[in-house]
Structures are given as structure tokens and as C-alpha cells.
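K.L.:
Here it is, the structure, as C-alpha cells.
The values are calculated or read from the model by the stated rules, or taken from the named source; none is laboratory data. Computed from a prediction, not measured in an experiment: that's the story for all the values here. Cβ atoms come from the backbone with ideal geometry, glycine included; neighbour counts cover every protein chain shown.
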Amino acid sequence: MAKKERKLSLARQFRAMDTKQRKFLQSLDSDERKEFSPFLSMKYSANVEGIRDLQEYYLTAANQRVNRHFFSLGHHPELQWLLCTTVSPGMGTPNHYWLRAKETKSAQERRARRFLETMYPDANDQEIDLLMELNSHEQLREHARLLGWDERRIKDEL
């Protein structure tokens, strides 16, 4: 099955955002307007390729100006667009990219992490991550048995 051709390209949308085209939404025809996504503008606005200082600037500006109340403005795509146009410092059109969200952990991994955090309350996140990598789930269950946990508690909490 072939991909459907988009009427509104993301490159065009990001170029308009970076060049602060405030009337961009009004210039779109009805098919392009249907494809416009304020959420994509917000997500991509924070992530650019380039030097670290520029990347930090975009991320900070997007968080301060756009992310803060973005979803409470859900019925106002024009206002969301205007907020997105404020992110760029007007230094050209950098390449924007999608930053994928972290993969969600299974319930078993969350319980194992909670167990390790309880057992090692002074450990930081990196140390807990390392313990998660070094120990299998069965090893954690054995550790709980050595601590005197009964099988019911191990099943419920680990």
C-alpha cells in the first residue's frame, strides 16, 4: 500500500515557523489546513540540529513559550501556531527532528525498579539502572526471599 502524499509538507511548515510567518495558517487551503498539526509544530520546534548552544536555546524557548500551556489552548490552533513562531531566534532555518519518547517499561520492570529503590534508598537513578541491568527478575525474587518475603508478597510486589 502506497503512502498518501501530504498536501502540507512538514518542511514547509517548519520553514514558515522559523521565518515567523504569522499569517501561515490563513494562507493554507482547506486540504492543507486539515493536515496542519499544532502538536507536530510544538514537538519539532524544540529539537534542531546544530551547535549545542543553539539546540539548548530552541529547547528552552519551546519549553518556556510553547509547552507550558499548549494543551489548554487546544481549541485555538492559531494561537498555538503563533506561540510556535516565537521559538526561532531568526537565525535561518535549521533542520528540525522528532525526538522519540522513551519506551514505556513493563509493569514487571516498574515493580522491580520500585523494589530496588526501596532496598537502596540512597542510590541514584544511574545506580538503580545499573542494578536493573545486572540482575535478572529471578535474582531479584531470590533477594526478596533472602529478606524474608513470602511468595504472596513477592508475587504482589515484585
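K.L.:
Residues to consider are Q55, Q126, Q64, Q80; find the one that is at pLDDT 90 or above and loosely packed, with under 13 Cβ neighbours inside 10 Å.
P.N.:
Result of the check over Q55, Q126, Q64, Q80: Q64.
K.L.:
Need the failing condition index for M132 against (1) surrounded by 13 or more Cβ atoms within 10 Å (Cβ to Cβ); (2) in contact (Cβ under 8 Å) with a residue 24 or more places away in the chain; (3) not assigned by TED's automatic domain parsing to the domain that holds E32, just the number.
P.N.:
Going through (1) surrounded by 13 or more Cβ atoms within 10 Å (Cβ to Cβ); (2) in contact (Cβ under 8 Å) with a residue 24 or more places away in the chain; (3) not assigned by TED's automatic domain parsing to the domain that holds E32 one by one, M132 breaks only (2).
K.L.:
Restricting the search to segment 45-86, which residues are in a loop (DSSP other than H, G, I, E, B), hydrophobic (A, V, I, L, M, F, W, C) and under 19 Å from the mean Cα position of the chain (by Cα)?
P.N.:
Result: A46, F70.
K.L.:
Next up: Step by step: first the residues of segment 9-44, then only those that are outside any helix (DSSP H, G or I) and over 16 Å from P77 (Cα atoms), then the one that is farthest from the chain's Cα centre (by Cα). Which residue is that?
P.N.:
T19
K.L.:
I've got another one for you. Tell me whether segment 109-118 contains one or more residues that are without any contact (Cβ under 8 Å) to a residue 60 or more places away in the chain, surrounded by fewer than 16 Cβ atoms within 10 Å (Cβ to Cβ) and not in a helix (DSSP H, G or I).
P.N.:
No: segment 109-118 contains no residue that is without any contact (Cβ under 8 Å) to a residue 60 or more places away in the chain, surrounded by fewer than 16 Cβ atoms within 10 Å (Cβ to Cβ) and not in a helix (DSSP H, G or I).
K.L.:
Being surrounded by fewer than 13 Cβ atoms within 10 Å (Cβ to Cβ) and in contact (Cβ under 8 Å) with a residue 24 or more places away in the chain is true for just one of N47, N95. Which residue is that?
P.N.:
Matching residue, one of N47, N95: N95.
K.L.:
For the subset of segment 67-98 comprising residues that are among the aromatic types (F, W, Y) and assigned by TED's automatic domain parsing to the domain that holds Y57, which member is farthest from M42 (Cα to Cα)?
P.N.:
F71
K.L.:
Does E35 meet the test of being over 20 Å from P94 (Cα atoms) and surrounded by 12 or more Cβ atoms within 10 Å (Cβ to Cβ)?
P.N.:
Answer is yes for this residue.
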